[in-house]
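No value in this document is a laboratory result; all are computed from the given coordinates. A quick note: this is a predicted structure, and the numbers were derived from the prediction, not measured. Note: ideal-geometry Cβ built from the backbone for every residue, glycine included; neighbour counts use all protein chains shown.
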Amino acid sequence: MLGVDLDAVRTFVAAADAGRFQDAAAELSITQQAVSKRVAGLEKALGVRLFTRTARGAELTIDGLAFLPHARDLLRAEGRAVASVRPGRRALRVDVIGRRLGPAAVLRDFHRAHPEVEIDVVTLVDADAAVDAIRSGTIDASFRAVTMPGRRLPDGVAAIRAFDEAVQLLTGPAHTLAAARAVTPAELVGHRIWMPGLVPGTESAAYYDALAAAFGLTIEITGPDFGAEPLLDALAGSGSLATFVGDRTRLVWPADHDLRRIALRDPEPVYAHSLLWHRDNPHPALTVLRDHLGPGRFAHSAAETWTPAWVQ
């Protein structure tokens with residue numbers, strides 16, 4: 001079966017349906033000789049006779065009858081395979097930094113607004129991997145904070161500032177700030193902000209390094225990163241530890257943890273997410289996604305916001 005030609009399979013199915021090689025040739029816009037040659041090649045590859053010539057045309061042999069449903073399956077599989085990579089027919093492949101983070105939440109909003117758009121969600125390790133995947137065509141778009149120091153997008157890759165995500169303080173009930181409805185970044189000076197998941201050199205680390213420098217904060221990234229649940233457990237039992245989270249980050253914790261999301265104000269730090277794509281990518285759903293992320297859709301009501309100086 002490794003040598004089976006799909007054009008020959010298509011010709012076999014057409015001849016079986018038509019009952020005559022001549023009619024199959026007309027349907028496929030090839031010569032009758034080409035039909036005979038393709039069928040003969042298929043019979044040779046399979047090692048059986050598929051048709052018996054009669055005065056009325058061509059009749060399937062027992063082997064031909066047995067092969068016909070599988071031949072149809074092969075052609076349907078071919079159609080699905082082609083559709084899976086054809087722009088406009090395959091799913092829109094979008095990279096998000098994490099499935100619980102803000103970009104994933106925005107993508108869920110987009111899907112609710114446009115349920116007709118099929119989406120394939122992937123998570124790549126960092127912005128460099130996302131840009132490489134966009135250039136190679138592995139993905140169609142990516143949500144990333146690409147306006148970090150020293151970053152320049154390669155030719156052909158475009159980016160827009162898609163949405164700003166407010167940064168919040170997350171604490172346990174025993175924390176000294178737990179009862180506050182909002183705090184200023186200046187009030188966090190001297191408090192322990194623990195973010196063990198930050199990886200130096202990444203877009204997130206660049207943002208929080210700038211935030212710490214701007215307001216004189218201490219952000220610790222020491223200790224192993226065991227994921228969100230151990231971090232939430234540690235916050236719940238601590239009177240001094242806190243962490244930063246985006247306001248769209250999806251977190252679930254046991255009721256007895258009684259964790260608190262506390263807004264930051266005056267100014268409100270926001271994390272600027274960009275949407276990246278390749279200018280030559282023809283997938284029509286890309287335009288729909290960009291329009292969904294239009295100016296003002298995800299604007300914040302805070303009178304004063306903060307972003308690093310290098311954010312555009």
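When the Kirkwood radius is taken over all Cα pairs of region 6-84, what Stokes-Einstein diffusion coefficient follows at 25 °C and 0.890 mPa s, in µm²/s? The partial results should precede the final answer.
On the way: Rh = 12.6 Å.
Diffusion coefficient, whole number: 195 µm²/s.
Which Cα, out of Thr287, Ala40, Ala158, lies furthest along the positive dipole direction of the chain (beta carbon charges, K/R +1, D/E -1)?
Value: Ala40.
About the Cα centre, and with charges only on the beta carbon of Lys, Arg (+1) and Asp, Glu (-1), how big is the dipole of region 169-247? Nearest 20 debye, please.
Dipole of region 169-247, to the nearest 20 debye: 240 debye.
Hey, any idea what Rg/Rh is for the chain, computing Rh the Kirkwood way over Cα pairs?
1.23
What share of the DSSP beta bridges in region 24-137 is antiparallel, in percent to the nearest 5?
50 percent
With runs of 4+ DSSP H residues as the only contributors, calculate the mean residue ellipticity of the chain at 222 nm using -39,500 (n - 2.57) per run, divided by the residue total and rounded to the nearest 500.
Values: 9 runs with 113 residues, N = 312.
Roughly -11500 deg cm²/dmol at 222 nm, from the helical runs in the chain.
Determine, for Thr123, Thr307, the number of other Cβ atoms within 10 Å of each Cβ, and report the residues in order from fewest to most.
Result, fewest neighbours first: Thr123, Thr307.
If you place +1 on the Cβ of every Lys and Arg, -1 on the Cβ of every Asp and Glu, and leave all else neutral, what size is the dipole of region 6-84 about its Cα centre, to the nearest 20 Debye?
The dipole magnitude comes to about 120 debye.
Taking 0.36 nm per residue of separation and subtracting the Cα-Cα distance, what length does fully extending His111 through Arg76 add? Show your work: numbers first, answer last.
Details: separation 35, 0.36 × 35 = 12.60 nm, distance 2.80 nm.
Between His111 and Arg76, full extension yields 9.8 nm more.
For region 85-231, what class follows from the C-alpha gyration tensor (a ≥ b ≥ c being the square roots of its eigenvalues): rounded when a/c is under 1.5, otherwise prolate if a/b is larger than b/c, else oblate?
prolate
About the Cα centre of region 92-306, how large is the charge dipole given +1 on each Lys and Arg Cβ and -1 on each Asp and Glu Cβ? Please answer in debye to the nearest 20.
So the magnitude is around 280 debye.
Can you say what percent of the DSSP beta bridges in the chain, counting only those with both residues inside, are antiparallel? Round to 5.
Given both bridge residues lie in the chain, the antiparallel proportion sits at roughly 65 percent.
Can you tell which of Val131, Leu241, Phe215 lies farthest toward the positive end of the dipole of the chain, using +1 and -1 charges on the Cβ of basic and acidic side chains (Lys, Arg; Asp, Glu)?
About the Cα centre, the residue reaching furthest to the positive side is Val131.
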